[in-house]
1. Multiplying the sequence separation of Asn164 and Leu66 by 0.36 nm and subtracting their Cα-Cα distance, what value in nm do you get?
2. Which whole-number percentage describes the relative contact order of the stretch 60-192, with Cα contacts under 8 Å and a sequence gap of 6 or more?
3. Treating only the Cβ atoms of Lys and Arg (+1) and Asp and Glu (-1) as charged, compute the dipole magnitude of the stretch 60-192 about its Cα centre; round to the nearest 20 debye.
4. For the stretch 60-192, restrict the atom set to alpha-carbon positions and state the Rg and Dmax in Å.
5. Pick out, from Val116, Gly77, Ile96, the residue whose Cα sits farthest towards the positive end of the charge dipole of the stretch 60-192, with +1 on the Cβ of Lys and Arg and -1 on the Cβ of Asp and Glu.
6. Sticking with the crude label model, points 7 Å out along Cα→Cβ, report the distance from Asp103 to Ile177 in nm, one decimal please.
7. For Ser189 and Ile96, calculate 0.36 nm times their separation in residues minus their Cα-Cα distance, and state this gained length in nm to one decimal.
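All of the numbers you see were taken from the coordinates with simple rules; none came from a lab. This structure is a prediction, so every number in the text was calculated from the model and none was measured. Virtual Cβ from ideal backbone geometry, glycine too; neighbours counted across all protein chains shown.
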Amino acid sequence: MTDNPPPWPPPSWSAQDPNESYSGPPPTGASRPHPFEQPPTYPWPSFPPPAAAPEPVWVSRPGSVLWASTVCYVMAGMLIVAAFVLFVGASIVRSIDNLTGSDNIGTTIVLIINAVVNFGAAGLLIAGAVMFAGGRTRGRQLLTIGTAICLVECVYWIFIGRANTIIWTVLFVILSIVALALAWTKQTSEWLRVTMMPNSPQAGGYYQF
């Protein structure tokens, strides 16, 4: 019978590692042991809490704006009536010239020119009053131009008019001065400055932020 080695090592056999002196790979930079370091900390800037949005302040339309617009409407109506009267007067003068054979073409032209100027001043006053009441600076400019034209006409009629036209001329002068005084008050100018800001217009006033 042939002796065969047993399938397991005998108790007296001990495994001997031929590379017993090998202690593993040398440490690398990535695996080199090092003490744990806390990452550096930087002070964060401190910010104050956000401020609350300002409450809107209601800026009401001054009474001087409404009164100035009303005076301009009255003046415009009077100018339109006067323009129609002047047109009628020019037509009457022309008819008299045709009946009598006289030549008053100069008077007819002057009456027609004054009527046209009256219509122009009335249009400026109406447009200016509407825009001015809505908070538009351009409206006050148109209103001022219309009243200035009316004042120039008053000076003209004072020099060439008779006693029956002086009363109406003085009335137009008073209304023009009142309209300008109301339109150029400090309170009105401040209200127009506020309304020109990029805020939504409201009925009767504007919100100021």
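1. This chain segment gains 32.1 nm when fully extended.
2. Rounded, it is 32 percent for the stretch 60-192.
3. For the stretch 60-192, the charge dipole is close to 440 debye.
4. 17.2, 63
5. After comparing all options, I get Gly77.
6. Each label point is offset 7 Å from its Cα along the Cβ direction, giving 4.3 nm.
7. 28.3 nm is the gain from fully extending Ser189 to Ile96.
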